[in-house]
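Trainee: Here it is, the structure in full.
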Amino acid sequence: MLNFRRKILKTLASIALTATVFAAPSFAQAQSKVQIKTSMGDIVVELNDAKAPKSAANFLQYVRDKHYDGTVFHRVIDGFMIQGGGMDANLNEKPTRAPIPLEASNGLKNDRGTIAMARTGNPNSATSQFFINLVNNDMLNAPKPDGHGYTVFGKVTKGMDVVDKIRAVATGNRGMHQNVPVTAVTILSATEIK
């Protein structure tokens, strides 16, 4: 009888150990991070590789190719967003790779401090341009505003004070472009943080 009790206790201990191992929290996969050095200060964004894999990979490839270095935030609308990543200080568009498919239905929202892909009226037209939401822009979440939405692929983790400095710059019209900073806000470099 004593051996039987020992076997039962040993089995119960084994089951408890197994349950503990399976119940242990799994560590989340490390997300990619990028430091965007601007003429007004530094911004760090953390990409959501899991929920927006194509958009995050696309952005990272432009970072690795040094595409963003020397581009400007060419569109600043206080109370809405700041947009950049595609034009130089003379508002000449830089060449881009092929557009990527829309990932706006990934559950990520265009909330304050998130980074999202800019696009044209074609939902699958995003290339290099991105924007940082200054407020919760619910009207950009899928399926709004046009049945498709705008893809959020990360968030600012450091430097929202810099984003807020950029939002406050004086803007005007330049040629066919509106809401252009009067004094250029330049992306000096964008670098992946390892």
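The values are calculated or read from the model by the stated rules, or taken from the named source; none is laboratory data. From a predicted model like this one, the values you see are computed outputs, not experimental measurements. We place every Cβ from the backbone using ideal geometry, glycine too, and count neighbours over all the protein chains shown.
Trainee: Suppose we filter segment 33-59 for residues that are crowded, with 18+ Cβ neighbours inside 10 Å, more than 9 Å from the chain's Cα centre (by Cα) and in a helix (DSSP H, G or I); how many remain?
Mentor: 1
Trainee: Of the residues that sit in segment 135-170 and are β-branched (Val, Ile, Thr) and surrounded by fewer than 18 Cβ atoms within 10 Å (Cβ to Cβ), which one is nearest to residue 30 (Cα to Cα)?
Mentor: 157
Trainee: With respect to residue 43, determine if the residue is among the aliphatic types (A, V, I, L, M), more than 21 Å from residue 188 (Cα to Cα) and at pLDDT 95 or above.
Mentor: Working: among the aliphatic types (A, V, I, L, M): yes; more than 21 Å from residue 188 (Cα to Cα): no; at pLDDT 95 or above: yes.
For residue 43, the condition - among the aliphatic types (A, V, I, L, M), more than 21 Å from residue 188 (Cα to Cα) and at pLDDT 95 or above - is not met.
Trainee: Being of a type in the set (A, V, I, L, M), modelled with pLDDT of 95 or more and either closer than 19 Å to residue 33 by Cα or not in a loop (DSSP other than H, G, I, E, B) (or both): is that true of residue 91 here?
Mentor: In short, no.
Trainee: Can you tell me how many residues within segment 133-161 are in contact (Cβ under 8 Å) with a residue 60 or more places away in the chain and assigned to a strand (DSSP E or B)?
Mentor: 7
Trainee: Same structure again: I'm told residue 184 meets every condition in (1) surrounded by fewer than 14 Cβ atoms within 10 Å (Cβ to Cβ); (2) among the hydrophobic types (A, V, I, L, M, F, W, C); (3) more than 23 Å from residue 57 (Cα to Cα) except one. Can you identify the failing condition by its number?
Mentor: Among (1) surrounded by fewer than 14 Cβ atoms within 10 Å (Cβ to Cβ); (2) among the hydrophobic types (A, V, I, L, M, F, W, C); (3) more than 23 Å from residue 57 (Cα to Cα), the lone unmet condition for residue 184 is (1).
Trainee: Could you please give the count of residues in segment 114-123 that are over 17 Å from residue 85 (Cβ atoms) and either surrounded by fewer than 18 Cβ atoms within 10 Å (Cβ to Cβ) or within 10 Å of the chain's Cα centre (by Cα) (or both)?
Mentor: Summing the residues that are over 17 Å from residue 85 (Cβ atoms) and either surrounded by fewer than 18 Cβ atoms within 10 Å (Cβ to Cβ) or within 10 Å of the chain's Cα centre (by Cα) (or both) in segment 114-123 gives 2.
Trainee: Return yes or no: is residue 132 β-branched (Val, Ile, Thr), surrounded by 15 or more Cβ atoms within 10 Å (Cβ to Cβ) and closer than 15 Å to residue 77 by Cα?
Mentor: yes
Trainee: Tell me, yes or no, whether segment 98-105 has at least one residue that is assigned to a strand (DSSP E or B), under 15 Å from the mean Cα position of the chain (by Cα) and closer than 14 Å to residue 149 by Cα.
Mentor: No, because not a single residue in segment 98-105 is assigned to a strand (DSSP E or B), under 15 Å from the mean Cα position of the chain (by Cα) and closer than 14 Å to residue 149 by Cα.
Trainee: Take residue 176 and decide whether it is loosely packed, with under 12 Cβ neighbours inside 10 Å, in contact with a Pro (Cβ under 6 Å, 6 or more places away or on another chain), of a type in the set (A, V, I, L, M, F, W, C) and on the phi < 0 side of the Ramachandran plot.
Mentor: no
Trainee: Can you pull out every residue in segment 60-79 that is part of a loop (DSSP other than H, G, I, E, B) and closer than 22 Å to residue 47 by Cβ?
Mentor: If the condition is that a residue be part of a loop (DSSP other than H, G, I, E, B) and closer than 22 Å to residue 47 by Cβ, then 65, 66, 67, 68, 69, 70, 71 are the ones that fit.
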